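Shown next, in C-alpha cells, is the structure this report addresses.
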Amino acid sequence: LCCAAMRNDLFVIASTAHAVMLAACIAAMGAAPHGAGATPVRSGAARALAPRLTGLTGVTGALLTPLNGTSTNATASPPPPVMGGPVVAALQAWLAGGATPPPPPPPCSLGGVWTYDLGNYCSYNWTVTPSRTLSFGTDCPTDGWTVATGTAPDSTGAFELTFTLNGSVVARKPAVVHSSCDFVDVADGGLYARGPPLSTLGPSQNTAWLRTATAYLLRRAWIATNDGTPLLTPGYPTHYNGQWMRDGFYGLFNGRTLLANTTAAVASVEFMLGHQRAGSGVMPVMVTPEGAPRYGTQCDNSLPECQDLDNAPFAVLLAATATMLSPSVDDGVAFFRKHALSLVAAMNSVPRAANGMVYATPGLYNVGYGFQDSVVKTGEVLYSSVLYANAATAMALLATKAGGDLTPLIADFENRSASIAAALGPRLWDPAAGMFRASYGGLESDRIDIWGSAAAAAAGLATPSQDAAIAAYFEHNTAAVLFEGQVREIPAPQHWDRLKSGADVRDQTYQNGGFWATPHYHVIPLLARYNKTLACSVLADTVASYRSHGINEWVGPFWPNLNVGAPGYIASAANTWAAIELMGEPC
C-alpha cells in the first residue's frame, strides 16, 4: 500500500481498514530519516495521501454521509457575502471612491535585495546614494555586465536603468516601479521583485512566494494580435493560444492589484467585446491572435445561437473589471456606456427558463460553464445561473452610476438577478447532501456541483443555513473533494454522466476528476468564515503543490496517466492570490 501511495495510483480508499493501515504506514514513513542533517518532514507518500485521509469521517468508499447543515470548529458567525459576489463588492468600493488601479507609487526606496525574473537565481543588492542615484553590480555568470546605475523614480514611478561593461554602456532600459514598491517592470519585459530568489523562501513566506509568482505569470502570459493588440493568454508557457473570456476575467480581475500595464488590460477587453456576433448578440468564448472568434466549445459555431452559456456573464464581469482599471470613475463609466447596449444584447442572447434560470437546451450542446466545457449538461444549470445573477447585479450597479438613458436597465437587471435568487434553492438545493446540484430537469441533475455550490455561497445566493451547510460539506468530506489543496468539481468517486467527446466517463482526470485551484477565490474565503484552520490548511497545501511541481491547470493522483494540466496557469495563480486578499487577515 505504501508503494502504491508513493506511485500516486491509490485513488479511492476502499475501507476504513485500509485507512488505518495507511495512517500507520504514513506515520512510520514520516518518522523515517531523510538524509544526514536533514530536517525530518513527511515523505512524498505522506504528503500525497494526507489530503485524502484528512477528514475521512463521512467518507466510506463510495458513500457520502449526509450532513446536518452545521460546521464544527466555527469560531464566529460569518458576515453575509455581498449579493453579486466579489466583483460587485469591488465595484461598490470603487464607485464609492476606492481606486483600482492604485494611485501612483509613493516615494519608495529601491535599496535592498532584488531578484530578476523567476528563472534567474541571482539576486542583486541595490544601493541608493545620497544624490538619489542607484547602482548594483553582478557576479552572476548569466549576466553580461558588471554594474547598473539609475536615477530615483519620478512621481509616476518611471526611471531608467543603464547597464555598463568595462566602462562602456551596453544597454539603457526604461523601467517603472509598481504601485506596491515591490516590483520594477523593465520595458523589455523583465521583472525585478523585491527580496531574495523564490527558491530560498520558506513555508512561512508562502504569501510572498505566491504574490511574486502570480505577478510574474501576469507579465509573461501576454501575446499580441496581428495588429499589435495585447492579449492575456490563460498561462505561460503558452498552451492555449488566444484570449478566453473567462480566463481573461480571472487574470485581470483577481490579479488586478498585481498588473504591470492596466492600459494593455483594458485594450484586451475592448478586443474581446469587439468580436460579438452580429445579429444574435452572442459574445465569443475566445479569440485567436489572428482575430478569429469561437462562440461555442461544443456546439456548431455556424449556428447563431451557438454559445457557451457563460460567455455573456463573463463578458459583463470582464467589462466591469476594465471599468475599474480605468484611470478614474468618470473614465470607467464612459467605458461602460460605450459597451452597455452590446452587453445587454449579450445577456439577452442567453437562453433562460421562465423562472429566470439559465437553460441548456438538449441537443444543442451549449456549454454551461467553461471550466466544465467537456461535460454535457441540460436543463436549468447551476453555475451559469450564478454567473448570470452576478453579471446582472453588476449591470444594475453600473447603470445606476451611469444614469440617463441607461436608467431603465436598473430595474430590468435587478429583476433578473432576483428571479435566479428566488429559483435557485427550490430547484437545485439538495438538503440531504447540504449542497446544490449541477442542474434541474436534465443531464447531471443527480450530481452535486462542488464549485457551483461554493460560487452560489460567494454570490450571496445561498441562505445562511445553506451557506453553513456548504462549508460543513467541505469540512466533513475533504477526502472526496481535495487533493494538494485543490478542488474536484464533483465528489470522488462520482464522475460526470456524459462527456461530449464520447470519452469513457470512468477516466477521471481533467474536468471529470482532476483537482483545480480555479474555485479558490470562492472556496477558501467561504471556509475561512467558518473554520480558519481548514482554510489555511487548504491554502498551504495548494502553495506547497505549486512549489513542488508548478502552478498547473489541474492536478491529480493519476500516475502513470496524465496527472497535471497546462503549466503556468493564471486562473490557478490569480484565483488563489485573490482568496488570500478576500480572507482579510493572513493565515
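Taking the conditions exactly as written (loosely packed, with under 13 Cβ neighbours inside 10 Å and more than 23 Å from Ala322 (Cβ to Cβ)), does Ser135 satisfy them or not?
Against the criterion (loosely packed, with under 13 Cβ neighbours inside 10 Å and more than 23 Å from Ala322 (Cβ to Cβ)), Ser135 does not qualify.
Name every residue in the range 294-321 that is free of Cβ contacts under 8 Å to residues at least 24 places away in the same chain and touching a helix residue (DSSP H, G or I) at 6+ places or on another chain (Cβ under 9 Å), in order of residue number.
Within the range 294-321, just Tyr295 meets the criteria.
For the range 254-278, enumerate the residues that are assigned to a loop (DSSP other than H, G, I, E, B), over 23 Å from Trp209 (Cα atoms) and not aliphatic (A, V, I, L, M).
Those that are assigned to a loop (DSSP other than H, G, I, E, B), over 23 Å from Trp209 (Cα atoms) and not aliphatic (A, V, I, L, M): Gly274, His275, Gln276, Arg277.
Going by the conditions given, is Val487 among the β-branched types (Val, Ile, Thr), part of a helix (DSSP H, G or I) and at pLDDT 95 or above?
On the way: among the β-branched types (Val, Ile, Thr): yes; part of a helix (DSSP H, G or I): no; at pLDDT 95 or above: yes.
Spelling it out, it is not the case that Val487 is among the β-branched types (Val, Ile, Thr), part of a helix (DSSP H, G or I) and at pLDDT 95 or above.
Within the range 157-188, track down each residue that is β-branched (Val, Ile, Thr) and closer than 14 Å to Trp145 by Cα.
Listed by number, the residues that qualify are Thr162, Thr164, Val169, Val170.
From Gly251, Gly281, Gly296, grab the single residue that is at pLDDT 95 or above, small (Gly, Ala, Ser), assigned to a loop (DSSP other than H, G, I, E, B) and crowded, with 18+ Cβ neighbours inside 10 Å. So that I can check it myself, show each step before the final result.
Working: Gly251 fails: assigned to a loop (DSSP other than H, G, I, E, B); Gly296 fails: at pLDDT 95 or above.
Within the list Gly251, Gly281, Gly296, the selection yields Gly281.
From Phe436, Phe474, which residue is part of a helix (DSSP H, G or I) and among the aromatic types (Phe, Trp, Tyr)?
Phe474
Out of Phe271, Phe314, Phe336, I need the residue that is among the aromatic types (Phe, Trp, Tyr) and open to solvent by 10 Å² or more (accessible area, probe 1.4 Å). Which one?
Phe271
Anything in the range 107-157 that is touching a Lys or Arg at 6+ places or on another chain (Cβ under 7 Å), part of a strand (DSSP E or B) and of a type in the set (A, V, I, L, M, F, W, C)? List them, or say none.
Of everything in the range 107-157, just one residue is touching a Lys or Arg at 6+ places or on another chain (Cβ under 7 Å), part of a strand (DSSP E or B) and of a type in the set (A, V, I, L, M, F, W, C), namely Trp114.
Of everything in the range 427-440, what is closer than 20 Å to Met357 by Cβ and either hydrophobic (A, V, I, L, M, F, W, C) or modelled with pLDDT under 95 (or both)? Give them in sequence order.
Listed by number, the residues that qualify are Leu428, Trp429, Ala433, Met435, Phe436, Ala438.
Let's see how each residue does on (1) more than 24 Å from Leu210 (Cβ to Cβ); (2) touching a residue at least 40 places away in the same chain (Cβ under 8 Å); (3) out of contact with any Leu (no Cβ under 7 Å at 6 or more places or on another chain):
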{"position": "Pro491", "(1), (2), (3)": "yes, yes, no"}
{"position": "Cys536", "(1), (2), (3)": "no, yes, yes"}
{"position": "Leu539", "(1), (2), (3)": "no, yes, yes"}
{"position": "Ala544", "(1), (2), (3)": "no, yes, yes"}
{"position": "Arg547", "(1), (2), (3)": "no, yes, yes"}
{"position": "Leu562", "(1), (2), (3)": "yes, yes, yes"}
{"position": "Gly568", "(1), (2), (3)": "no, yes, no"}
{"position": "Ala571", "(1), (2), (3)": "no, yes, yes"}
{"position": "Trp577", "(1), (2), (3)": "no, yes, no"}
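With the range 158-218 as the region, which strands (runs of 3 or more DSSP E) entirely inside it contain at least 1 residues that are closer than 13 Å to Leu258 by Cβ?
Strands (runs of 3 or more DSSP E) meeting the threshold: 183-186, 191-194.
For the range 449-466, does any single residue satisfy the condition of being assigned to a helix (DSSP H, G or I), open to solvent by less than 20 Å² (accessible area, probe 1.4 Å), acidic (Asp, Glu) and at pLDDT 95 or above?
The answer is no; no qualifying residue exists.
Hey, among Tyr546, Tyr521, which residue is under 23 Å from Pro586 (Cα atoms) and touching a helix residue (DSSP H, G or I) at 6+ places or on another chain (Cβ under 6 Å)?
Tyr521
Select from the range 150-175 the residues that are buried (at least 16 other Cβ atoms within 10 Å of the Cβ), of a type outside the set (Gly, Ala, Ser) and touching a residue at least 40 places away in the same chain (Cβ under 8 Å) and list them in ascending order.
Pro153
Looking at Leu343, Leu309, which one is in a helix (DSSP H, G or I), surrounded by 23 or more Cβ atoms within 10 Å (Cβ to Cβ) and of a type in the set (A, V, I, L, M, F, W, C)?
Numbers: Leu309 fails: in a helix (DSSP H, G or I).
None of the other options fit; the residue is Leu343.
The values are calculated or read from the model by the stated rules, or taken from the named source; none is laboratory data. What you are looking at is a predicted structure, and each value in this text was computed from that prediction instead of being measured. Here Cβ is always computed from backbone atoms with ideal geometry, including for glycine, and neighbour counts include all displayed protein chains. Each accessible area value is taken on the protein alone, full model and side chains, heavy atoms only, with ligands, DNA and RNA left out. Shrake-Rupley method; radii C 1.70, N 1.55, O 1.52, S 1.80 Å.
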